[in-house]
Amino acid sequence: AQSVTQLGSHVSVSEGALVLLRCNYSSSVPPYLFWYVQYPNQGLQLLLKYTTGATLVKGINGFEAEFKKSETSFHLTKPSAHMSDAAEYFCAVSEGSSYKLIFGSGTRLLVRP
Amino acid sequence: DAGVIQSPRHEVTEMGQEVTLRCKPISGHNSLFWYRQTMMRGLELLIYFNNNVPIDDSGMPEDRFSAKMPNASFSTLKIQPSEPRDSAVYFCASRGQGLGGEQYFGPGTRLTVT
């Protein structure tokens, strides 16, 4: 069965520091992987996705993620945090013909001035 | 494109009342999902439709919950009777055809049952 684990329910960084949000998945077939962001009182917005091809995926707002099959990971990074990046981030996996997304429990990113 | 539209954005009701949440998916999308989000349980998939047909309703908590999709541009999630533990934010999302497609989420309906 598919599952997603996000390490750290809360991550705090200083403005300008590196952002690293961790995501590990389990899947019996090549997965499709997604990162979503949720700002307060809003729906989830797609940041980036990996389907096939290049394992380093660039998304919106300067975020990127790297698919590492050997580590079953899809960590999200951003070189320099902005105050506006404060939000909750969700990693999700989808398998093959299934339309369902399996979401992680989310990581709340706090950005300190 | 207007994105996924949900109404109402906020709903406050008394225990025992019927609640109907509405969703208009993105035009051309053929899959629709209903989720519930709470602090305790996080994001839960309740039900999803493909081409207006319910495919998986295993996440629907109990018989008080029902969902319909009478056509490609409209879906409802109904709770009857509502209970305080149903208080949550309910999201609708839609997806186009093809493998690996992302879901697009609506802004959600915040339901409070007193």
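Values quoted throughout were computed directly from the atomic coordinates according to the rules given, and no laboratory measurement underlies them. None of the values given here were measured: they were computed from a predicted structure. Don't worry about glycine lacking a Cβ; one is built from the backbone with ideal geometry, like all the others, and counts go over all protein chains shown.
So, in the stretch A:24-72, how many residues would count as being assigned to a helix (DSSP H, G or I) and more than 14 Å from every other protein chain (Cβ to nearest Cβ)?
2
Name the one entry in B:Ile55, B:Ile47 that is within 12 Å of chain A (Cβ to nearest Cβ), part of a strand (DSSP E or B) and surrounded by fewer than 17 Cβ atoms within 10 Å (Cβ to Cβ).
The conditions single out B:Ile55.
Any residue in the stretch A:20-47 that's within 19 Å of A:Val111 (Cα to Cα) and in contact (Cβ under 8 Å) with a residue 60 or more places away in the chain: show its pairings with residues that are of a type in the set (Asp, Glu) and surrounded by 15 or more Cβ atoms within 10 Å (Cβ to Cβ) at Cβ separation under 6 Å, as long as the two are six or more apart or on different chains.
Here the result reads A:Gln38/A:Glu88, each pair linking the stretch A:20-47 to a residue that is of a type in the set (Asp, Glu) and surrounded by 15 or more Cβ atoms within 10 Å (Cβ to Cβ).
Residues in the stretch B:80-96 that are more than 15 Å from B:Gln37 (Cα to Cα) and out of contact with any Ser or Thr (no Cβ under 8 Å at 6 or more places or on another chain): how many?
2
If you scan the stretch A:17-70, which residues turn out to be more than 15 Å from the chain's Cα centre (by Cα) and farther than 23 Å from B:Glu44 by Cβ?
Within the stretch A:17-70, A:Ala17, A:Val29, A:Pro30, A:Thr52, A:Gly53, A:Ala54, A:Lys69, A:Ser70 qualify.
Does B:Pro81 satisfy the criteria of being without any contact (Cβ under 8 Å) to a residue 60 or more places away in the chain, more than 20 Å from A:Trp35 (Cα to Cα) and either more than 9 Å from chain A (Cβ to nearest Cβ) or assigned to a loop (DSSP other than H, G, I, E, B) (or both)?
No, not satisfied.
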